[in-house]
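Here, each number is a calculation from the coordinates, and none is a lab measurement. Just so we're clear, the structure is a prediction, and the values are computed from it rather than from any experiment. Note: ideal-geometry Cβ built from the backbone for every residue, glycine included; neighbour counts use all protein chains shown.
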Amino acid sequence: MTTPIRSEPLYRAADLRRIEAAAAAQPLMQRAGEAAADLATSLSRFEGGAVLILAGPGNNGGDAFVAARHLRQRGFAVSVVFLGEISRLPEDAAAAYRDFDDDGGSALEAIPSGPRWSLIVDGLFGIGLQRPVSGPFAAMVTAANALALRHHCPLLALDCPSGLDADTGRRCGETIRASHTITFIAGKPGLFTGDGPEYCGSITHAALDLHAERLAPPSARTIGSDLFAAWLRPRAKNTHKGSFGNAGVLGGASSMVGAVFLAGRAALKLGSGRVYLGLIDARAPALDPLQPELMLRRPEALLATALSALACGPGMGGSDEACELLLRACALELPLLLDADALNMLAREARLQEAVRARAHRGAVTLLTPHPTEAARLLAGDTAQVQADRAGAALELASRYRALAVLKGCGTIVAAPDGRWFVNTTGHPALATAGTGDVLSGMIVALLAQGWPGLEALLAAVHLHGAAAEERVASGCGPVGLTAGEIIDSARLCLNHCPPVSQPLDCAWPLARRARLLRSAWLVRVARRFACTPPCSSWPRCSFLPRSTRPPNTSAPISPYRCSSGRATWCTW
Ligand SMILES: NC(=O)C1=CN([C@@H]2O[C@H](COP(=O)(O)OP(=O)(O)OC[C@H]3O[C@@H](n4cnc5c(N)ncnc54)[C@H](O)[C@@H]3O)[C@@H](O)[C@H]2O)[C@@H](O)CC1
Ligand SMILES: Nc1ncnc2c1ncn2[C@@H]1O[C@H](COP(=O)(O)OP(=O)(O)O)[C@@H](O)[C@H]1O
Ligand SMILES: [K+]
């Protein structure tokens, strides 16, 4: 499994400005430009080839000028196209331009037609994008995208692709479709959700010798298995099925019984001790022949069962009977997951909304897992509004319903009513097929039934669900034609391969273990302090990488995670 182990901080532009202010004395633009030049050097298809660099009117343009100077000095044939007035560049960017100019570089007003580009660099706009890209900037973006395609060359975006809103992941007008993005200081949420993943390509993080979290609290975090590893406890020997909870799934109206089976099978394979299904369709089968371990009941009997957690909604329909059942489910004191049709009923029925809010007063955990259209119904808006600010929508759902909320889709958002939010970086468009949401519900309810807290259950299930899809695709099962049911076994595999927190860290372990054998608490502390977390194969090489030894190639076998010292400046997602 190659999925992220470590959660990374994410910053919206306003929070990044605080870091910028705190580190104002440091030559950040020089570091950004140099890091970009290092990556550009490794990406360029020909050594010393023709590099086209687009520089914009702000500090993103400044980064571009610094990178251009370094690349010129390394022997590349650099053409910089600058749109704007030199005299109106901000101070740092103006200085970067002067250095470039003093070094013999010159800025062009249009893209030269002759060269065969080996690399294109986008330094038009970064986190300062204020409105949709239009006019000559849009023409430049369109041309850059077309040239990258025509010349089969990489397109490297500085900080974020121009036209992408780094806060939200929404495209604002013409947008650079980067093959690679080098993002400075810290990740931005918009790179990982909505349109971000499609437009950023492969993302490299250059920390610029800063430790962002020491300078300002992050706006959000990516989901890494470290966020839930404490709950990945090895099974104690003296346990039995009763130790792992009773998961229930309620739904399955006429012609939609399959949704409950998918959720039930996922709940079983994610470790629930027992799984009970309540099927609304009176003609539903009494047995799932492919998974006879599942116990099928009438809905009333399910609600009377001693459950540890309950998921409502898969294939539930919107009948009066379904609505009454949902009201009764809301009155139960167990963790309650509402998905699919349960969310549509919640959106339309005031008494259900009251019942869900009342759960929060009683301290009962409620979880909502809408896709964008279901979220739009719950927020009385439209899907485009939800997608325009996915994190905002998830946070609004969490606060309005006083529930944990998951906004599904590319870069799933998990939001808590207290304002914390997380962006998932696993997943694949292969998941865009019917039933994958039902599988996610089954995974979540399985973890809840095993006693996981609501937030950790959501983080783990969302992360593992995406990882499972990646695993299926990597093994040739998809992307086209991957079926929801096929994800389940992979999800089980991913869960069983997630390192529990008690597991020693690979690179710290030899030293830590020896220290423990010597019964030296001090040595154990030292071993952990200097080890990179999480496991990585390259310790101690990755504990600090001087600039000259940084591997320029993003695919180099280096730890994709920052070291605990915070000093390593190079990592890739
Ligand atoms: N935050 C920091 O400390 C650092 C920032 N750096 C770079 O600085 C960037 C942010 O710089 P800025 O705040 O100057 O912002 P940008 O360079 O992203 O863009 C702002 C400029 O573009 C104009 N503009 C915005 N949207 C436009 C549109 N649609 N059409 C035409 N013009 C538009 C603005 O009027 C302004 O002149 C980062 O993304 C990063 O690349 C780096 O130098 C590293 C350090
Ligand atoms: N393009 C995509 N990239 C990543 N994940 C996706 C993508 N499309 C769908 N998914 C995931 O697949 C699942 C689909 O859920 P949902 O829309 O509720 O499906 P269904 O109702 O058919 O079960 C969600 O977990 C969602 O995040
Ligand atoms: K850019």
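If I take every Cα pair under 8 Å that is 6 or more residues apart in segment 9-220, average their sequence separation and divide by the length, what percent do I get for the relative contact order? Mind dumping the intermediate values first?
Numbers: 471 pairs, mean separation 50.2, N = 212.
The normalised contact order for segment 9-220 reaches 24 percent.
Using θ = phi - 60° and the Karplus form 6.51 cos²θ - 1.76 cosθ + 1.60, what ³J(HN,Hα) does each residue of segment 266-271 get, whole Hz, x for Gly and Pro?
Values, residue by residue: 5, 4, 5, 7, 9, x Hz.
Calculate, in whole percent, how much of the Cα-Cα pair population of segment 397-484 lies beyond 15 Å. Please list the in-between numbers first.
On the way: 2222 of 3828 pairs.
Looking at segment 397-484, the distances longer than 15 Å represent 58 percent of pairs.
How long are the semi-axes of the equivalent ellipsoid of segment 226-497, defined as square roots of 5 times the Cα gyration tensor eigenvalues? Whole Å, largest first. Write out the running numbers ahead of the final one.
Working: eigenvalues 111, 103, 72 Å².
Over the Cα atoms of segment 226-497, the ellipsoid semi-axes are 24, 23, 19 Å.
If we sort 420-429, 142-151 on the protection proxy, mean other Cβ atoms within 10 Å, highest first, what's the order?
On the way: 420-429: 22.7, 142-151: 16.6.
So the order, starting with the most tightly packed, is 420-429, 142-151.
Counting alpha carbon pairs within less than 8 Å and at least 6 residues apart, what relative contact order, in whole percent, applies to the chain? Please list the in-between numbers first.
Numbers: 1293 pairs, mean separation 76.0, N = 573.
Relative contact order of the chain: 13 percent.
Considering every pair of different Cα atoms, what Kirkwood radius, in Å, is found for the chain?
Working: mean 1/r = 0.0396 Å⁻¹.
With all distinct Cα pairs of the chain included, I get 25.2 Å.
For the chain, what proportion of DSSP beta bridges, expressed in % and rounded to the nearest 5, is antiparallel? Can you show the working numbers first?
Numbers: 12 of 62 bridges.
If we restrict to bridges inside the chain, about 20 percent are antiparallel.
Principal axes first, then extents: for the Cα atoms of segment 9-220, list largest minus smallest coordinate on each axis, whole Å, largest first.
So the three principal-axis extents are 47, 35, 31 Å.
Find, among the trypsin sites (Lys or Arg not before Pro) in segment 1-61, those assigned to loop by DSSP (not H, G, I, E, B) with at most 14 other beta-carbon atoms within 10 angstrom. The partial results should precede the final answer.
Working: sites: ARG6, ARG12, ARG17, ARG18, ARG31, ARG45; in loops: ARG6, ARG12, ARG45.
Here the sparse-neighbourhood loop sites are ARG45.
For labels at ALA301 and GLU85 in the simple 7 Å Cα→Cβ model, what's the distance in nm?
8.0 nm
Which longest run of the chain has no exposed loop site in it, a site being GluC sites (Glu not before Pro) in a DSSP loop with at most 14 other beta carbons within 10 Å, and the site itself not part of the run? Could the numbers behind the result be given before it?
Details: sites that count: GLU47, GLU85, GLU109, GLU293, GLU333.
The reported range is 334-573.
Over segment 226-497, what is the mean sequence separation of C-alpha contacts under 8 Å (at least six apart), divided by residue count, expressed as relative contact order in percent? List each step's numbers first, then the result.
Working: 583 pairs, mean separation 52.9, N = 272.
In percent, rounded to a whole number, it is 19.
Quote to one decimal, in nm, the extra length available between ALA138 and LYS241 on full extension: 0.36 nm per residue of separation minus the C-alpha distance between them.
Numbers: separation 103, 0.36 × 103 = 37.08 nm, distance 6.05 nm.
That pair, ALA138 and LYS241, stretches by 31.0 nm at full extension.
List the residues whose amide H sits under 5 Å from the amide H of VAL365, counting only those 5 or more places along or on another chain, with H placed 1.01 Å from N in the peptide plane.
Correct list: LEU336.
What shape does segment 101-239 take by its C-alpha gyration tensor, where a ≥ b ≥ c are the square roots of the eigenvalues and a/c under 1.5 counts as rounded, a/b above b/c as prolate, and the rest as oblate? Show your work: numbers first, answer last.
Working: a/c = 2.36, a/b = 2.18, b/c = 1.08.
Prolate.
If I fit a long axis through the Cα atoms of helix 28-43 and take the longest principal axis of the Cα atoms of the chain, what angle between them do I get, 0 to 90°, rounded to 10?
The answer is roughly 80 degrees.
Can you give me the long-range amide H partners of LYS188? Hydrogens built in the peptide plane at 1.01 Å from N, cutoff under 5 Å, separation of 5 or more residues or another chain.
Long-range HN contacts for LYS188: TYR11.
Which residues' amide hydrogens lie under 5 Å from the amide hydrogen of SER202, considering only partners 5 or more residues apart or on another chain, with H built in the peptide plane?
Long-range HN contacts for SER202: HIS180, THR181.
Arranged by the count of other C-beta atoms within 10 angstrom, fewest first, what order do SER441, SER42, SER308 take?
On the way: SER441 32, SER42 15, SER308 21.
Result, fewest neighbours first: SER42, SER308, SER441.
May I ask you to sort THR369, THR41 by Cβ crowding, counting other Cβ atoms within 10 Å and putting the fewest first? Write down the numbers at each step before the final one.
Numbers: THR369 28, THR41 20.
Ranked by crowding around the Cβ, least crowded first: THR41, THR369.
So how do 236-243, 431-438 stack up, highest first, on mean other-Cβ count within 10 Å? Walk me through the numbers on the way to the answer.
Details: 236-243: 8.4, 431-438: 20.8.
Most protected by this proxy first, the peptides run 431-438, 236-243.
If you rank ARG221, ARG377 by fewest surrounding Cβ atoms within 10 Å, what's the result?
Numbers: ARG221 22, ARG377 19.
If I rank by nearby Cβ atoms, fewest first, I get ARG377, ARG221.
Using the Cα centre of the chain as the reference point, and only Cβ charges (+1 on K/R, -1 on D/E), how large is the resulting charge dipole? Debye, rounded to the nearest 20.
Details: 56 positive and 49 negative charges, 427 e Å.
Its charge dipole is roughly 2060 debye.
Within straight cross-link reach of LYS269, meaning Cα distance under 18 Å, which lysines are found once same-chain residues fewer than 8 apart are removed?
Cα-Cα hits under 18 Å: LYS241.
Calculate how steeply helix 91-102 sits against the longest principal axis of the alpha-carbon atoms of the chain, using the helix alpha-carbon long axis, and give the answer as 0 to 90 degrees to the nearest 10.
So the inclination is approximately 50 degrees.
Given only helices, namely DSSP H runs of n ≥ 4 each adding -39500 (n - 2.57), what is the per-residue ellipticity at 222 nm of the chain, to the nearest 500 deg cm²/dmol?
Values: 20 runs with 222 residues, N = 573.
Computed ellipticity for the chain at 222 nm equals -12000 deg cm²/dmol.
Each residue of segment 324-334 in order: what ³J(HN,Hα) in whole Hz does its phi give by Karplus 6.51 cos²θ - 1.76 cosθ + 1.60, θ = phi - 60°, with x for Gly and Pro?
4, 4, 5, 4, 5, 5, 5, 7, 6, 8, 8
Output the Kirkwood hydrodynamic radius of segment 100-159, Cα pairs only, in Å rounded to one decimal. Present the calculation step by step, with values, prior to reporting the outcome.
Details: mean 1/r = 0.0765 Å⁻¹.
Here the Kirkwood hydrodynamic radius works out to 13.1 Å.
With θ taken as phi - 60° and the coefficients 6.51, -1.76 and 1.60, list the Karplus ³J(HN,Hα) couplings across segment 366-375 in order, rounded to whole Hz; mark glycine and proline as x.
10, 10, 10, 10, x, 7, x, 6, 5, 4
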